[in-house]
Structures are given as structure tokens and as C-alpha cells.
Amino acid sequence: MNIHIRRTFSIALILAAIFFTSCHRSNTLAPKRYPFTGRVVSIDIQAQSALIDGDSIPAFMDAMAMTYKIKPAATLNQLVPGDSISAEVVSAPEDENGRSDYWLENVKVTAHPTAPAAGTSSLHLPVPREQVPDFSFVNQDGKSISLGQYRGKVLLVTFIYTRCPFPDFCPRMSANFAQIYKQLPIDPALANVHLLSISFDPDHDSPKVLRDYGFSVAHTHDAALFRRWEFAVPRQADLPKIAAFFALTVKPEGGLITHNLSTAVIGPDGKIVEWYHGGDWQISDLMNHAINAASGFSPP
């Protein structure tokens with residue numbers, strides 16, 4: 001009996017040691033911090049985040065516009081679009097699913113916006129009820145299409161490029177659209193909804209590449225996919241004006257493309273219903289906006 005007790009006690013000690021070691025190792029994975037400067041483009045109080053046109057962070061990130069969570073959230077009350085800021089980017093280690101998180105802390109305003117000089121303009125942000133220009137593209141079948149041809153439908157638009165290696169960017173947007181695509185034939189309220197993924201890499205994303213990419217992200221080889229979800233690319237000459245309207249930043253870097261994220265719901269009248277910067281939008285929110293737009297709902 002004593003031997004049994006001793007063995008049980010020994011096993012308990014070993015398990016406790018393993019647990020302590022595991023906790024100690026996890027505690028050593030502290031978030032990394034980087035000095036950050038940039039300019040506030042827009043603020044989303046509800047999401048506790050801001051779209052920031054950030055400067056380059058050596059050894060971490062190129063200059064680009066991105067959505068950042070702001071901690072503490074109360075700091076957002078001190079910011080206005082156009083403010084120049086300094087802060088710390090906090091980059092957390094990957095979790096068990098291989099996803100990492102990042103946010104801004106210690107945000108300080110270093111300069112307030114001044115009146116723009118004559119002939120200059122600020123970054124355009126799509127707003128509800130704004131008419132969307134009739135931009136033209138070539139789709140995965142090599143056919144010319146334009147946004148105007150979707151009048152009468154609700155169009156969900158997001159921007160990607162097929163070579164994007166970052167899980168929280170293009171792959172995440174395509175995975176979200178794939179989830180919405182699966183709901184299209186199931187939910188009668190989505191009968192008038194169409195998906196459009198637009199590449200900003202016309203030098204590489206040919207119709208064949210887009211077609212193969214579409215099959216891959218939708219996990220099907222049924223060409224019926226493209227009746228409800230198309231993949232398209234503009235001419236290189238048209239890309240700047242498309243990017244400018246949708247507040248999309250695109251910068252080729254070392255064979256890849258540094259970019260932000262931009263997703264829009266366009267109503268049957270060809271006007272913006274809702275626009276999302278960054279990738280923090282929820283699939284349910286996008287679908288609700290689409291359903292409301294399809295049923296004749298108009299934002300105030």
C-alpha cells in the first residue's frame with residue numbers, strides 16, 4: 001500500500017513539473033514590440049480600431065495602410081482622421097491555430113491635421129449611398145465585365161492577389177467569401193447576391209490563373225461556381241483609379257505585393273451599401289448588409 005502511495009505521489013510530482021515547465025515556456029513567448037509612426041485615415045469606434053497609413057518598420061513591416069486595434073480603446077476618443085501618431089506595434093506569438101495578433105499601444109498624437117494645400121486631396125474612403133464608377137475587368141473566362149452589368153443585384157466585392165502568402169490577408173478574404181458562397185443556394189434571401197474577387201496583380205493573375213485559384217479557394221472544380229462568384233482583374237492602366245476609389249493601397253515589393261484590405265457591399269442601384277477596411281469584418285455582418293440591400297433596404 002505504501003509503495004502504491006509513493007508511486008502515485010511520484011507521478012503527481014512529475015505531472016506538476018511538466019505543467020510548471022509548460023507554463024514557464026509559454027510565459028517566455030512575450031509579444032514583440034516595434035516603434036511605429038503613421039497617420040490616421042479613419043476611426044471605427046465600434047470595432048475599437050483605426051485605419052492607419054503606417055511608415056516602414058525595419059525588419060518587420062513595409063510602409064502600408066492597415067487596420068490596427070487600439071489599446072486601450074479609450075485612446076480612440078483622442079484621435080481624429082489626419083492626426084500623425086507615434087505608438088508601439090505589439091505583435092503576439094502565434095496561437096495553437098498558427099494565427100497571430102497585433103495591435104497598437106502607447107499611442108500619442110504628434111501632429112494634428114492641417115488644411116490641405118491647393119491641388120492636393122486626401123485618401124478617398126467609400127461611403128454609403130456613394131455611386132460606384134463603372135470599372136471594367138476581365139474575368140476568369142477571359143470575358144470583359146464591368147460593375148455596371150450587375151445593376152439589379154447585390155454585389156459583394158473584395159480585393160486579393162493569388163500569390164498572397166499571408167494567412168490573414170487574401171487567403172482569409174477568399175475563405176470568408178467561400179463561406180458566403182456556400183450559403184447562396186441555401187438562403188433564399190441571398191438569391192440576388194453575387195460575389196466578385198478582384199485581383200490587383202494584372203501582371204501575374206491571368207484568366208487561367210484566376211480560374212484555377214477560384215476552384216482552389218472554393219474547393220470545387222464545378223464551373224457552375226462562376227455563375228455566382230467571379231474572379232477578375234483590371235488592366236494595369238485602370239488599377240490606380242480603382243484602388244483610389246476603394247481606398248486600396250498596392251505596392252510591389254521584392255516579387256510580392258504589400259497591400260491593405262478593402263471589401264464592399266454594392267447595392268442593386270450601383271451605390272455603396274457598406275465598405276470595410278481591413279479584415280476584421282464578420283461574415284454575418286456582410287451577409288446581413290447584402291440581405292437588407294437585396295430586400296430594398298436603403299441606408300440612411
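Structure notes:
- Restricting the search to strands (runs of 3 or more DSSP E) fully inside segment 218-300 and requiring at least 3 residues that are more than 23 Å from residue 142 (Cα to Cα) gives 250-253, 256-259, 262-266, 272-277.
- Segment 83-102, residues that are among the acidic types (Asp, Glu) and either in contact with a Lys or Arg (Cβ under 6 Å, 6 or more places away or on another chain) or surrounded by fewer than 16 Cβ atoms within 10 Å (Cβ to Cβ) (or both): 88, 94, 95, 96, 101
- Among the residues listed as 296, 267, 278, the single one being small (Gly, Ala, Ser) and surrounded by fewer than 17 Cβ atoms within 10 Å (Cβ to Cβ): 296
- Complete set of residues in segment 214-227 that are open to solvent by less than 30 Å² (accessible area, probe 1.4 Å) and in contact (Cβ under 8 Å) with a residue 24 or more places away in the chain: 214, 217, 218, 225, 226
- Residue in segment 143-158 that is within 30 Å of residue 102 (Cα to Cα), at pLDDT 95 or above, over 18 Å from the mean Cα position of the chain (by Cα) and among the hydroxyl-bearing types (Ser, Thr, Tyr) present: no
- Meets criteria (open to solvent by 10 Å² or more (accessible area, probe 1.4 Å), of a type in the set (A, V, I, L, M, F, W, C), over 19 Å from residue 164 (Cβ atoms) and modelled with pLDDT of 90 or more) for residue 273: yes
- Segments classed as strands (runs of 3 or more DSSP E), wholly inside segment 5-82, with at least 1 members that are open to solvent by 50 Å² or more (accessible area, probe 1.4 Å), within 22 Å of residue 94 (Cα to Cα) and modelled with pLDDT of 85 or more: 32-44, 64-70
- Restricting attention to segment 148-198, the residues that are out of contact with any Phe, Trp or Tyr (no Cβ under 9 Å at 6 or more places or on another chain), outside any loop (DSSP other than H, G, I, E, B) and surrounded by 17 or more Cβ atoms within 10 Å (Cβ to Cβ) add up to 5.
The values are calculated or read from the model by the stated rules, or taken from the named source; none is laboratory data. All values reported here derive from a predicted model rather than from experimental measurement. We place every Cβ from the backbone using ideal geometry, glycine too, and count neighbours over all the protein chains shown. Areas reflect the complete protein model, heavy atoms only, side chains present, ligands, DNA and RNA absent. Shrake-Rupley method; radii C 1.70, N 1.55, O 1.52, S 1.80 Å.
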